[in-house]
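What follows is a single structure, written as structure tokens, with notes after it.
Derivation of every value follows stated rules applied to the coordinates shown; laboratory data play no part. Values in this document were obtained by computation on a predicted structure and should not be read as measured data. Here the Cβ is made from the backbone with ideal geometry for all residues, glycine too, and neighbour counts use every protein chain on show.
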Amino acid sequence: MLITETHTDVPTKHGGDMRIFLFTPTIPNYPKAKFPGVVVFSEIYQVTGPVERFARQIAGHGYIVAAPSSYHEFTGPESLAYDGPGTDKGNAWKIEKKVSAYDEDATLSIDTLLALPNCNGRIGATGMCLGGHLAFRCAFDKRVLASVCYFATDIHSATLGEGKNDDSIKRVKDIKGETAMIFGKRDNHVPPQGRDAIRKALHDAKVTFSFYELAWAQHAFIRDELSKGRYDPALAGLCFQVLLELFGRTLSGDLGPREGDGGEVEDVC
């Protein structure tokens, strides 16, 4: 599918306007097509090139993607660099921001998707690193039917947000949709005992979930930039199929009636 890219700036109670980047699929001759919505939460660097490309991949399979900028209380919507200063800023803001503010961002992102006339009302969530944790928390909202959390940090240690004392693992029972948790076994941000704790909490809460641990994957292995030497395109592609299977089964589109013919193809390169 072809996609269009726009953004909207949404006022927040916790500080500043949150920019939500929107990636929308389009199908020629189906002007009334409706699509599921997916919130894509970014890592600590905000909506970077790798996050944009991830969002485009999802949108290209028939989902309206909303990617919020998480640090609107501290800075603009611009992404941080994958370097020392960028990492330091992202990690600092991650624990300065209130958990309630993260939750507000999730609620506003879902609200934004549901307000779109071409959204079919079915919502999923996904994200990587910090964004994996935020997708996990987003799934506490009963409107979220499915979530895919890539190498979600800080769940096992309950160290997200101001005071480093979040309640995510205690609220697992609030997840009513299906979820998939994806980790690399070589991820030193979420050690084996941390992954075991998350898995046990999901089991004990009787959540419908899948849990994947990839033998040779490191932290951030789906991020398609090479500065940290972790990107594994084969494993990233495999895990993307997990996302497509779950979202395809739980969130489905509605094309509406076909209208018109194929039209003329523009004669340009």
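Exceeding 28 Å between C-alpha atoms, which entries from my cross-link table qualify? They are K94/K228; K34/K228; K164/K200; K97/K228; K34/K206; K94/K170.
Over 28 Å apart, Cα to Cα: K34/K228; K34/K206.
Can you list the residues, at least 5 places off or on another chain, whose amide H is less than 5 Å from the amide H of V10, using H built in the peptide plane?
Under 5 Å from the amide H of V10 lie the amide H atoms of M18, R19, I20, each far enough along the sequence or on another chain.
Just to confirm the number: angle between the C-alpha axis of helix 99-114 and the first principal axis of the chain, 0 to 90 degrees, nearest 10?
10 degrees
Find which of G256, L235, L22 sits farthest along the positive direction of the dipole of the chain, computed with +1 on the beta-carbon of Lys and Arg, -1 on that of Asp and Glu, about the Cα centre.
Going by the charge dipole, the pick is L235.
If R0 is 41 Å, what FRET efficiency do you get for K206 and E73 from their C-beta distance, rounded to 0.05?
Numbers: r = 36 Å, r/R0 = 0.87.
The computed FRET efficiency comes out at 0.70.
Quick one: which residues, 5 or more positions from L214 or on another chain, have an amide H under 5 Å from its amide H? H modelled 1.01 Å from N in the peptide plane, none for Pro or chain starts.
Counting only residues 5 or more places away or on other chains, the set is F183, G184, K185.
May I have the extent of the alpha carbons of the stretch 24-166 along their three principal axes, as whole Å values ordered from largest to smallest?
49, 31, 25
Give the long-range amide H neighbours of A125: residues separated by 5 or more places, or on another chain, with amide H under 5 Å away, using H modelled in the peptide plane at 1.01 Å from N.
Distant-sequence amide H within range of A125: V39, A146, S147, V148.
With 10 Å bins from zero, work out the P(r) of the stretch 87-175 over every alpha carbon pair and list the percent per bin.
The calculated distribution, bin by bin, is 17, 51, 25, 7.
Taking the Cα centre of each part, how many Å lie between the stretch 87-104 and the stretch 18-84?
Here the two parts' Cα centres lie 19 Å apart.
Per the helix-only calculation at 222 nm, which mean residue ellipticity applies to the chain, given -39500 (n - 2.57) for every DSSP H run of n ≥ 4 and division by its residues, nearest 500 deg cm²/dmol? Mind showing how you got there, number by number?
Working: 6 runs with 80 residues, N = 269.
So the calculated ellipticity at 222 nm is -9500 deg cm²/dmol.
Determine how many Å³ per residue the convex hull of the Cα atoms of the stretch 136-233 encloses.
Details: hull volume 10.7 nm³, N = 98.
About 109 Å³ per residue, rounded to a whole number.
Students often check this: by mean Cβ neighbours within 10 Å, which of 99-111, 122-134 ranks highest, and how do the rest follow? Could you put the intermediate results ahead of the total?
Values: 99-111: 18.9, 122-134: 27.9.
Ranked from most to least packed, the peptides come out as 122-134, 99-111.
Please list the radius of gyration and Dmax for the chain, considering alpha-carbon atoms only, with Å as the unit.
In order Rg, Dmax, the Cα atoms of the chain give 18.2, 59 Å.
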